[in-house]
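The values are calculated or read from the model by the stated rules, or taken from the named source; none is laboratory data. As the structure is a computational prediction, the values presented were derived from the model and not from experiment. All Cβ positions, even for glycine, are placed from backbone atoms using ideal geometry, and neighbour counts span all protein chains on display. Surface areas here come from the heavy atoms of the whole protein model, side chains and all, with no ligands, DNA or RNA. Shrake-Rupley method; radii C 1.70, N 1.55, O 1.52, S 1.80 Å.
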Amino acid sequence: MTIAWTWGDRNHDDNTADKLVFSPTPTTPPVRCSPHNNILFLKTHKTGSSTIANIFYRYGDLKNLTFALPSATLLGWPNRFQVYFPFRLQDKTPDILCNHARFNKIPMNWLFPKATCKYVTILRNPVDNFESAFRYMNMGRHIGIRDDPESLKKFLTHGISFIKMRQKAEPLIRNPLMFDLGLSFKHYQNITAVKEYIRFLEKEFDLVMIMEYFDESLVLMKRLLCWEIEDILYLKLNERQDEEKGTTLTADVRENIKRWNKADVLLFEYFNQSLWFKIESEGENFYEELATFRKRRRELQNACVENETRLETVYNGKKVKSYSLRKGMPKELKTLCEKLTRASNTYLRYLRKKHEEKLANELDEDEESWNLSTDLTHKTGSSTMANIFFRYGDFRNLAFVLPRYILFEWPQRFQTSLAAPLQTRRPNILCSHTRFNKKPINWIFPKDSSKYITILRNPVDNFESAFRYMKLGEMFGFGNHPNSLQKFLENGVSFANMLKRHNPLVNLIRNPLMFDLGLSFKYYQNFTAVKEYIQFLDKEFDLVMIADYFDESLVLMKRLLCWEMHDILYVKLNARVDNETGTILTEDVRENIKRWNKADVLLFEHFNKSFWEKVKNEGESFNEELAAFRQKNTAIKQACIENKPHFQTIYEGKLAKGHSIREKLPRKLRMFCEKLIKSEEYYLKNLREKSQHQRTPSSSIDLPQNYNEHEEEDKKSWDTTKELSYFPVLTLNHDTRETSPWRRVGNLWIKWGHRAERMRKRRYKARRRTKRSSS
Ligand SMILES: Nc1ncnc2c1ncn2[C@@H]1O[C@H](COP(=O)(O)OS(=O)(=O)O)[C@@H](OP(=O)(O)O)[C@H]1O
């Protein structure tokens, strides 16, 4: 991004600004990298982070990037970040996160993959940082200390119960930086754990900036992100008014802050050093660039704002410095200056509105140019397929995308929000009924690392099966007997009227295959559109199986997925009982079904053809493998299944053929046979329970050993944590541990001399009182 402006010919009463010519030519050497637009900025508190956030707002706004925005101002903070915290992200992949959020590796890595995204944060010297946070948030109020320049000193020498302060829900009361960066307070005094966590953070963050070296940090960031100098220009935001920050901290107070915030001190020391290592390794031209940047920044500040500052109320009645824009600026400059000085909340409101508009436009576009589209279709042998996938994944402990409630709210199109929370790791398999929706499905299952598979069935049998199974005839007053389908088709059907029914199954009344695959019913009779959609599906799916050739389909799938033969063994599930299948369809009925479901017919024809082409391309060995598979499948079926009829109720009193397992099977075989016949419901229930207990294997998440990032700091656990000790310094040059009057009494650190004296007096008075009353 290069913003250029000159205003030599303009009437302006400020001389400095008149002379200014902001050069569009970058003075830095030509950039060979391309700009990074995928950034997670972990916004810590009171570190100049609002100034940096403003840089990101401007950059992302200009480039129309997608922000992970908070619904108000915080992204779920002080809770650890979760993927569902951002405001209406829907299925969009966010580019930038730059609002207060508490670091949580796994969900953050999920939304912002490490491979493509840069992780950046900022720290500040912990003494100034704590002072700023303490005063800004008026933290002393919890223990009755009024907010004045002395309040921090009083707090630090008052004898602090960390547990009590935490119970007041003041998360930043100790080690605010480490808190934001996700360390549990339980580790605050375990120096080994703190150091380990710092090493962990070092791997997690590409750049840790230091507020005291704001400009140096920004130039490093610019280089890391391959941005232009114009992209990192800023005006200092959120600065307290001078009388508020006037607290001159004595050496004692500074020492006490450091003792109280030891973890932050270690953190800061480490990253302060690493910043300077980074700067050194940048070479001499770093300083040239720094000087250019500072010069441009000064010029911009002079051009944008008046010298005197205004005050603006921000939080809890607190006032911070803000700016008055110069008058008479050219439009482009004025827009930039206005954005540079815009308060965070105003910016967020603007960005949320923009985001909503973008979502609305995209929804419209989608509907026009294909609501790109699912996996298992209805009545196509998909329950048997689901059993294969569930068995495969369950055995290998793979992660499934499970419906939050039932069927991913089918007939809705798939949305990530309809899935059970997926916060722990990337899922491996989605195989439940859901309506295809390209974007969210692609998002969870990236095309380059996933295989997309579905199954179709010839539309005549498929429609007949759906019609009878879902009792669609009954729904429209044609009963549920063998010729209700014929009556329905001959009666002259108004599709529009049918769709008015509230029963979701009505969506299967026409082109049920296309419906599951995501085509909007509006296009059912627009055959150009249907054909185009088929082409789209052809690109989306790696394999479209054909239920009519189930075994052939499975062998193709085995080859595509590089599976073993025992992985695709199956018994037919969910088959209708014989008296229900008996509808003999006359030629007329078949013809009418085809007319009514024309889109499905075109779909089936296309994929049936491509299916056989695929089989042909597999060569001779395919038929040999198919024969071997059939033999093995028959053998396993004979070994497992009793040869007597068994029925099970599945849907609204409907019966389906079930299976019973032979008795006295060897243990391993019995286990396999049982899994072979388990229903989708069984697997869903089991997998849900399993996923709740499942933890990501520690080897893959790269967390420090002493640190369990899943543990939540629920209030109950505060009570059981023993007080984190702190020895205040009363006057420096003492070895406080030896001479300090502070003693631990239960959970409290108290000034021993005073309290002991008071207690002695109280006991003495009480004794005198009892003596007096008894005499
Ligand atoms: N560029 C630059 N250089 C140095 N210092 C800066 C800069 N920008 C902001 N600040 C100071 O950062 C403090 C505000 O931090 P945040 O914006 O992170 O606060 S907040 O947590 O978002 O409320 C606040 O510090 P205090 O005034 O001490 O509170 C700001 O003065």
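Among 138-150, 66-78, 42-54, how do they line up by average Cβ neighbours within 10 Å per residue, starting with the highest?
Values: 138-150: 15.2, 66-78: 18.3, 42-54: 23.8.
Packing proxy ranking, top to bottom: 42-54, 66-78, 138-150.
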When the charge dipole of segment 135-219 is computed with +1 on Lys and Arg Cβ and -1 on Asp and Glu Cβ about the Cα centre, the Cα farthest towards its positive end, among Ile145, Pro176, Phe214, belongs to Ile145
Enter the Cα centre distance for the pair segment 334-352 and segment 57-124, rounded to the nearest angstrom. 18
Could you give the nm distance between label points at Arg294 and Phe521, where each point is 7 Å from its Cα heading toward the beta carbon? 6.9
Flagged as over-length at 28 Å C-alpha distance, from Lys609/Lys644; Lys105/Lys558; Lys63/Lys114; Lys487/Lys598; Lys118/Lys354; Lys471/Lys539, the pairs are Lys609/Lys644; Lys105/Lys558; Lys471/Lys539
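Give me the number: length gained by fully extending Lys771 to Phe727, i.e. 0.36 nm times residue separation minus the C-alpha to C-alpha distance, one decimal in nm. Write out the running numbers ahead of the final one.
Numbers: separation 44, 0.36 × 44 = 15.84 nm, distance 4.01 nm.
Here the answer is 11.8 nm.
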Efficiency of FRET from Cβ geometry, Arg630 and Trp443, R₀ 30 Å, rounded to 0.05: 0.20
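For an R0 of 60 angstrom, estimate the FRET efficiency from the Cβ-Cβ distance between Asn608 and Ser71 and round to the nearest 0.05. Each step should come with its number before you reach the end.
Working: r = 48 Å, r/R0 = 0.81.
FRET efficiency, Asn608 to Ser71: 0.80.
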Give the Debye-formula value of log10 I(q)/I(0) at each listed q (0.11, 0.22 Å⁻¹), with one equal scatterer per alpha carbon of segment 39-142, two decimals each. -0.35, -1.22
State, in angstrom, two size descriptors of segment 482-572 derived from its alpha carbons: Rg to one decimal place and Dmax to the nearest whole number. 17.7, 50
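Quick one: which of 458-468, 550-560 comes out on top by average Cβ neighbours within 10 Å, and what's the full order, highest first?
Values: 458-468: 22.2, 550-560: 19.2.
Per-residue Cβ counts within 10 Å, averaged per peptide and sorted highest first, yield 458-468, 550-560.
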Beyond 24 Å, what share of the Cα-Cα pairs of segment 175-298 is found? Please give it as a whole percent. 43
Candidate lysines - alpha carbon under 27 Å from Lys765, same-chain residues fewer than 8 apart omitted: Lys751
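Calculate what fraction, in whole %, of the accessible area of segment 83-155 sits on carbon and sulfur atoms when a 1.4 Å probe is rolled over the protein chains.
Values: 1110 of 2300 Å².
In segment 83-155, the share of accessible area belonging to carbon and sulfur is 48 percent.
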Tell me the Rg and the Dmax, in Å, that the Cα atoms of segment 128-244 produce. 17.5, 50
Kirkwood hydrodynamic radius of segment 243-317, from inverse mean 1/r over distinct Cα pairs, in Å: 16.9
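Which three semi-axes in whole Å describe the equivalent ellipsoid of segment 418-548, each the square root of 5 times a Cα gyration tensor eigenvalue, listed largest first? Display every interim value, and only then the final one.
Values: eigenvalues 193, 57, 41 Å².
Equivalent ellipsoid of segment 418-548: 31, 17, 14 Å, largest first.
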Quick one: how many lysine pairs does segment 211-349 have with C-alpha atoms less than 18 Å apart and a gap of 8 or more or different chains? Give me the count, please. 16
According to a simple spin-label model (label point 7 Å from Cα along Cα-to-Cβ), what is the distance in nm between Asp242 and Ala529? 6.8
Given points 7 Å out from each Cα along the Cα-Cβ axis, report the Arg349 to Asn480 separation in nanometres with one decimal. 5.6
